[in-house]
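These notes concern the structure reproduced below.
The values are calculated or read from the model by the stated rules, or taken from the named source; none is laboratory data. These figures come from a predicted structure and were not determined experimentally. For neighbour counting, all protein chains shown are included, and Cβ atoms are generated from backbone atoms with ideal geometry for every residue, glycine included. Calculation scope for accessible area: heavy atoms of the full protein, side chains included, ligands and nucleic acids excluded. Shrake-Rupley method; radii C 1.70, N 1.55, O 1.52, S 1.80 Å.
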Amino acid sequence: MKFTLHSINFKKNGEKIVYDYSYDHKIKAYFNLNNPLYVLYDQDVSQTPLSLAIIPLLANIMPISWFVGFDVHIDEIDETFLNSLNILKEQFIKFHPNKKIGGILHTNKIVKNEFKEENTSLLFSGGLDSWDSLTRHYHKDPFLISIHGADVAINDTIRWNEFKKFNTEEKIINQSRLFYVESNLREFYTYKVDLLVDHLGWWGMVQHGMALLGVLAPLSYKHNITDINIAASATHEVSYSWGSSPYIDENMKWANTHPKHDGYQFKRTDKTDNVVNFANNSEFKIKLRVCYADKRTGYNCNVCHKCQRTILSLILAGANPKNYGFKVPNNFYNLIFKNFGEDCVMTKGIKYQWRCIQDKAASVDSFFVLQNFENEKEDIKRFIALDLDEIVNKNEAKVIQHKRRNFLLIQKFPHLYNLYKKLKK
């Protein structure tokens, strides 16, 4: 079985990289024939050497190659990145011991590239992790790079335009060093790829670290960026497989770059404290954007469990969540406890996030009061006393079966699902 790259083309005044490739009939079920991978930048990247311009493609294709077992044929590749792919493949073998990892990359030419300067960049989503990284790298005046097609779907122009608008409102952001990239990272393959891993989590479990970093290669060449940062979403205390970790991100190297899985040593409560301290000691106001829910009308939806955890972390940091982009519901603490009822489902990852907040709550003597100090003090005590070990993985089998059934129905009947989403609004 074979995947072959025929050419790399620069279009739209050099801003769009288009890949012309083909694949054997046996593996066509994994690829969207009508939507081949592309990357669109907000600037001309046509001077990028082909050995680097190929990286966005390989960062997305090679994991599929490894899990399916087909070979990939290309013309040329950066020497450092070729070595990195060998290390990354070994990492996925360790992460997925129950999977048969194969696939070989064939190339005609290996090129050694080197950048002459050492500028800094940071992938920027506007969430807590990336804001924490920005506050710690602010003195380097980093290039901030946001990718349309990752958290926000390409056809969701409303959410994306809101995201760009929010960025223009942040005085801390150097607008001249803020770049936007569009790529169909999650649309060039079919749902068959999601079925390659357990729990239907290809983007989260495998793809996103390599994919997001890979699209930066042309920009790193143009702007001599060697210090590349992607914000960590967990710490060493989390042992489950995830597509973004020091073992993946820091091995995504090309030329003389040195990527960093940034903030790995900090829990989310630590990051919240850091952002609050930075805002308190500077002229900047920071609006966190942790949520992409359909019902969101401002910075966040304020009711999903991710919003709830961030709001509670801000409260425990002594900060008014309103100052950080949240509108706290009047029944906030009631919403918190609904996460732990009889019908709840809590994975180990979600349990870890709540445990961090429990530890933070137990360590502080004061907190930001929303309405009534005594009532909220009792609510926080009750939250600290929750036995998360008793709750974790409750109802998991039923929910995984329901999730799988819904996933397959959505993939087979996408038009009906889109109609349902419109009616729901």
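Kindly indicate which of ILE64, ILE87, ILE55 is in contact (Cβ under 8 Å) with a residue 12 or more places away in the chain, closer than 20 Å to TYR247 by Cβ and open to solvent by 10 Å² or more (accessible area, probe 1.4 Å).
Values: ILE64 fails: open to solvent by 10 Å² or more (accessible area, probe 1.4 Å); ILE55 fails: open to solvent by 10 Å² or more (accessible area, probe 1.4 Å).
When all the criteria are applied, what remains is ILE87.
Which condition number does VAL152 fail, the rest of (1) surrounded by 17 or more Cβ atoms within 10 Å (Cβ to Cβ); (2) within 22 Å of GLY243 (Cβ to Cβ); (3) more than 19 Å from the chain's Cα centre (by Cα) being met?
(3)
Going by what's in this entry, would SER7 be described as among the small types (Gly, Ala, Ser) and in contact with an Asp or Glu (Cβ under 7 Å, 6 or more places away or on another chain)?
Spelling it out, SER7 is indeed among the small types (Gly, Ala, Ser) and in contact with an Asp or Glu (Cβ under 7 Å, 6 or more places away or on another chain).
Among the residues of region 90-100, is there at least one that is in contact with a Ser or Thr (Cβ under 9 Å, 6 or more places away or on another chain), open to solvent by less than 40 Å² (accessible area, probe 1.4 Å) and in a loop (DSSP other than H, G, I, E, B)?
Looking through region 90-100, at least one residue is in contact with a Ser or Thr (Cβ under 9 Å, 6 or more places away or on another chain), open to solvent by less than 40 Å² (accessible area, probe 1.4 Å) and in a loop (DSSP other than H, G, I, E, B).
Just to be sure I understand the filter: pairs with C-beta atoms under 7 Å, separated by 6 or more residues or on different chains, first member in region 143-157 and small (Gly, Ala, Ser), second member in a strand (DSSP E or B) and open to solvent by 10 Å² or more (accessible area, probe 1.4 Å). Which pairs pass?
Partner pairs satisfying both residue conditions: SER146/TYR180; GLY149/GLU182.
For LYS26, indicate whether it is among the charged types (D, E, K, R) and surrounded by fewer than 17 Cβ atoms within 10 Å (Cβ to Cβ).
It is true that LYS26 is among the charged types (D, E, K, R) and surrounded by fewer than 17 Cβ atoms within 10 Å (Cβ to Cβ).
Only one of (1) closer than 22 Å to ASN302 by Cβ; (2) in a loop (DSSP other than H, G, I, E, B) fails for GLU162. Which number is that?
GLU162 satisfies every listed condition except (2).
Assess whether SER146 counts as being within 21 Å of TYR221 (Cα to Cα), of a type in the set (Ser, Thr, Tyr) and either outside any helix (DSSP H, G or I) or under 22 Å from the mean Cα position of the chain (by Cα) (or both).
yes
Can you pull out every residue in region 111-137 that is open to solvent by 10 Å² or more (accessible area, probe 1.4 Å), in contact with a Phe, Trp or Tyr (Cβ under 8 Å, 6 or more places away or on another chain) and assigned to a helix (DSSP H, G or I)?
Passing the criteria: only THR135.
Could you pull out every one of the helices (runs of 4 or more DSSP H) wholly within region 289-384 that has 3 or more residues that are in contact (Cβ under 8 Å) with a residue 12 or more places away in the chain, open to solvent by 10 Å² or more (accessible area, probe 1.4 Å) and under 26 Å from MET205 (Cα atoms)? Even if it seems obvious, please write down each step before you answer.
Values: elements: 305-316, 332-338, 348-363, 373-384.
It comes to 305-316, 348-363.
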